[in-house]
Amino acid sequence: MIIKEVKVKSILTKSNLPLGGYSVNPYIGCSHACKYCYASFMKRFTNHPEEWGIFLDVKYWDKIKNPQKYSGKIVGLGSVTDPYNPQEKIYKRTLAFLEEMKDSGAEFVILTKSDLILRDLQLLKNLKKIIVGFSINTLDENFKNDMDKASSIEKRLKAMKILYDEGIKTVCFISPIFPEITNIEKIFEKVRNICDTIWLENLNLRGSFKSTILNYINEKYPQYSILYDEIYNKNDKSYFRQLEENIQLMAEKNNCKYVNNKLIEEDNPKGHPAIVNFFYHEEVRGSENTGRRNK
Ligand code: SF4
């Protein structure tokens with residue numbers, strides 16, 4: 001891992017993600033090295049010729065002036081890095097940010113693929129408003145290991161349960177949904193009692209990782225090669241349109257609320273997480289620079 005410490009002026013930037021508010025990325029790069037990472041476009045903007053996943057810039061910023069200015073605003077951590085990557089254990093920049101902002105009244109949304117977040121449990125419990133999302137797009141640890149170097153699915157599920165039991169709002173972010181590989185119903189059954197909301201997002205292939213993923217499918221899942229070709233080379237949206245309908249039916253069958261592209265504010269009864277569909281966010285925002293990544 002190539003690690004550099006860098007000084008930045010500000011750590012909060014206006015977000016153009018569907019949730020709005022502000023984005024905070026205490027690191028540039030991400031050692032979880034997901035093969036499908038949408039954030040890998042960051043290489044272009046940050047002068048990093050290295051492969052995505054092997055460099056990490058650790059950010060230090062000027063003291064945040066007037067944290068109360070963010071009261072009631074959404075502050076999303078980790079749109080283009082995982083705020084709880086393994087190096088956070090050493091550098092603690094996410095922890096430093098949360099400490100600085102803990103009395104701000106901001107509404108924090110943290111997305112991660114790591115159980116390191118449990119280290120900050122007490123601090124998270126003291127924040128006025130907090131949502132923690134764990135990205136889980138498979139229950140198959142082998143597929144997960146093929147795709148990323150983050151915590152095992154088992155550890156993510158355990159961490160989700162601990163946070164949920166401690167009263168923190170949790171999200172299972174089923175993303176990116178790999179056609180025919182991501183089994184949404186099975187994941188739903190596993191998490192329905194340990195999360196408040198389920199977010200869903202389709203796999204979107206673009207840039208350099210498109211061929212990486214398509215080659216992987218051809219090699220490991222040749223039975224789906226034609227399907228992936230239809231979706232990702234011929235732009236056929238019927239698979240995901242049908243999947244949307246199936247998910248809506250699954251929500252109805254299980255008495256779960258189903259909405260598109262918005263945060264759910266109300267509490268949901270145990271076993272009935274709200275289901276939020278973020279499919280085709282690229283159509284909603286229409287730009288490669290949305291930079292949304294799947295944790
Ligand atoms: S998808 Fe998220 S966790 Fe994975 S490498 Fe990208 S930023 Fe890191």
In region 24-39, the residues that are of a type in the set (Gly, Ala, Ser) and under 13 Å from the mean Cα position of the chain (by Cα): Ala39
Residues located in region 23-55, provided they are part of a strand (DSSP E or B), at pLDDT 95 or above and within 11 Å of the ligand (Cβ to nearest atom): Tyr27
Index of the failed condition, Leu111 passing every other in (1) modelled with pLDDT of 95 or more; (2) assigned to a loop (DSSP other than H, G, I, E, B); (3) not small (Gly, Ala, Ser): (2)
Residue in region 35-46 that is within 26 Å of Leu157 (Cα to Cα) and β-branched (Val, Ile, Thr) present: no
Filter result (surrounded by 16 or more Cβ atoms within 10 Å (Cβ to Cβ) and touching a residue at least 40 places away in the same chain (Cβ under 8 Å)) within region 198-215: Ile198, Trp199, Leu200, Glu201, Asn202, Leu203, Asn204, Leu205, Phe209, Ile213
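Select from region 105-136 the residues that are of a type in the set (S, T, N, Q) and within 13 Å of the ligand (Cβ to nearest atom) and list them in ascending order.
Selection gives Thr112, Ser114, Ser135.
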Per-region count, region 137-162, residues of a type in the set (D, E, K, R), within 13 Å of Lys190 (Cα to Cα), within 16 Å of the ligand (Cβ to nearest atom) and assigned to a loop (DSSP other than H, G, I, E, B): 0
Test: residue in region 98-106 that is closer than 24 Å to Leu123 by Cα, touching a residue at least 24 places away in the same chain (Cβ under 8 Å) and either out of contact with any helix residue (DSSP H, G or I) (no Cβ under 8 Å at 6 or more places or on another chain) or of a type in the set (Ser, Thr, Tyr) (or both): yes
Pick from region 161-190, criterion within 13 Å of the chain's Cα centre (by Cα) and aliphatic (A, V, I, L, M), ranking: surrounded by the most Cβ atoms within 10 Å (Cβ to Cβ): Val171
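Which count do you get for residues in region 163-209 that are within 18 Å of Phe279 (Cα to Cα) and either acidic (Asp, Glu) or part of a helix (DSSP H, G or I) (or both)? Talk me through it step by step, then tell me what you get.
Restricting attention to region 163-209, the residues satisfying the condition of being within 18 Å of Phe279 (Cα to Cα) are 171-185, 187-188, 197-206.
Still in the list and also either acidic (Asp, Glu) or part of a helix (DSSP H, G or I) (or both): 180, 184-185, 187-188, 201.
Selection size over region 163-209: 6.
Yes or no, residue by residue, for (1) farther than 26 Å from Lys129 by Cβ; (2) surrounded by fewer than 18 Cβ atoms within 10 Å (Cβ to Cβ):
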| site | (1), (2) |
| --- | --- |
| Glu50 | yes, yes |
| Ile54 | yes, yes |
| Tyr60 | yes, yes |
| Lys65 | no, yes |
| Gln68 | no, yes |
| Val75 | no, no |
| Ser79 | no, no |
| Asn85 | no, no |
| Glu88 | no, no |
Residues (within 18 Å of Asn142 (Cα to Cα) and within 19 Å of the chain's Cα centre (by Cα)) located in region 191-219: Ile213
Count of residues meeting criterion [free of Cβ contacts under 8 Å to residues at least 12 places away in the same chain and part of a helix (DSSP H, G or I)] in region 230-244: 4
Top-ranked residue in region 244-289 [being modelled with pLDDT under 75 and of a type in the set (Ser, Thr, Tyr); ranked as farthest from Leu200 (Cα to Cα)]: Ser287
In region 56-98, residue farthest from the ligand (Cβ to nearest atom) [restricted to those that are in contact with a Phe, Trp or Tyr (Cβ under 6 Å, 6 or more places away or on another chain) and under 26 Å from Gly207 (Cα atoms)]: Val58
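The values are calculated or read from the model by the stated rules, or taken from the named source; none is laboratory data. Please read all numbers here as calculations on a predicted model, not as lab measurements. For neighbour counting, all protein chains shown are included, and Cβ atoms are generated from backbone atoms with ideal geometry for every residue, glycine included.
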